[in-house]
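The values are calculated or read from the model by the stated rules, or taken from the named source; none is laboratory data. Here the structure is a predicted model, which means the values were calculated and not measured. With ideal geometry, Cβ positions are generated from the backbone for all residues, glycine too; neighbour counts draw on all protein chains shown. Only protein heavy atoms, including side chains, enter the accessible area calculation; ligands, DNA and RNA are left aside. Shrake-Rupley method; radii C 1.70, N 1.55, O 1.52, S 1.80 Å.
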Amino acid sequence: MFAVLGLRSLAVLTALCSVGFIGPLHAENRVLAEVRFVAHNKAEKNAGVWVDGQYVGYVKELNGDKKMLLLPGTHEIAVRQAWYHDEVQQVLLEPGKVYEIKLALTKDTRTPPSGPMGELKISANPNRAAVFVDDQFAGHVNEFDGPGKAMLITPGHHRLRIALPGYLPFETSVDLRPNQKLKIETDLVKGSITDAGALVSEKQ
């Protein structure tokens, strides 16, 4: 456990382009639909967003130049945050329209781990990449890098995965002792948008 201190493929590609590769899409904006998120607290602002099973970024960054533009049609949009229940919606998007999602994440009733913990800091480029611990979404890199930022994790063996569409995923394992502090550093290598996989992790 850890604690946090339709043309479907083309539609997903459109979303990925809108959050990282702005350019030719501007001419097509009149036929695309925009999805906006209304977040009320830090947990919702830092929650990860998936479109049709593909991670596209976290809520707080999906605006301005990184606004989320999708092809019209039906899409599954999932919002995930550690220690909260997933929020999943099936949305029907109309051309040129704005669809607003008002988030209302509810806390998971599972009891957080107690006792001495290990501390894991993560530094990776790009820092918007998703972080998974033992196949569960834990957050994005920027949440665990910098002064006062880290992931508290139970002692023992854990699998760590850092992934972002358009880059080869980074995977490693860690063995943490109680009160041990460890830092992981990596630069993701660019690759196909398919290389990161679906990045979907269902909560256990």
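Could you tell me whether the range 104-111 includes any residue that is within 25 Å of Gly191 (Cβ to Cβ) and either aromatic (Phe, Trp, Tyr) or open to solvent by 10 Å² or more (accessible area, probe 1.4 Å) (or both)?
Checking the range 104-111: not a single residue is within 25 Å of Gly191 (Cβ to Cβ) and either aromatic (Phe, Trp, Tyr) or open to solvent by 10 Å² or more (accessible area, probe 1.4 Å) (or both).
In the set Val19, Val49, which member is at pLDDT 90 or above and either under 30 Å from Val174 (Cβ atoms) or in a strand (DSSP E or B) (or both)?
Val49
Which of (1) under 25 Å from Thr111 (Cβ atoms); (2) touching a helix residue (DSSP H, G or I) at 6+ places or on another chain (Cβ under 8 Å) does Val133 not meet, given it meets every other one?
Exception for Val133: condition (2).
Only one residue in Lys97, Lys45, Lys60, Lys67 is within 18 Å of the chain's Cα centre (by Cα), farther than 22 Å from Phe132 by Cβ and open to solvent by 10 Å² or more (accessible area, probe 1.4 Å). Which one?
Lys67
Against the definition (under 27 Å from Thr74 (Cα atoms) and more than 21 Å from the chain's Cα centre (by Cα)), how does Gly115 come out, yes or no?
Against the criterion (under 27 Å from Thr74 (Cα atoms) and more than 21 Å from the chain's Cα centre (by Cα)), Gly115 does not qualify.
Val88: touching a strand residue (DSSP E or B) at 6+ places or on another chain (Cβ under 8 Å) and at pLDDT 95 or above, yes or no?
So Val88 passes the test.
Just checking, does the range 139-152 include any residue being over 19 Å from Lys42 (Cβ atoms) and open to solvent by 10 Å² or more (accessible area, probe 1.4 Å)?
Looking through the range 139-152, none of the residues is over 19 Å from Lys42 (Cβ atoms) and open to solvent by 10 Å² or more (accessible area, probe 1.4 Å).
Against the conditions (1) more than 12 Å from the chain's Cα centre (by Cα); (2) open to solvent by 50 Å² or more (accessible area, probe 1.4 Å); (3) modelled with pLDDT of 90 or more, where does Ala27 fall short? Just the number, please.
Ala27 satisfies every listed condition except (3).
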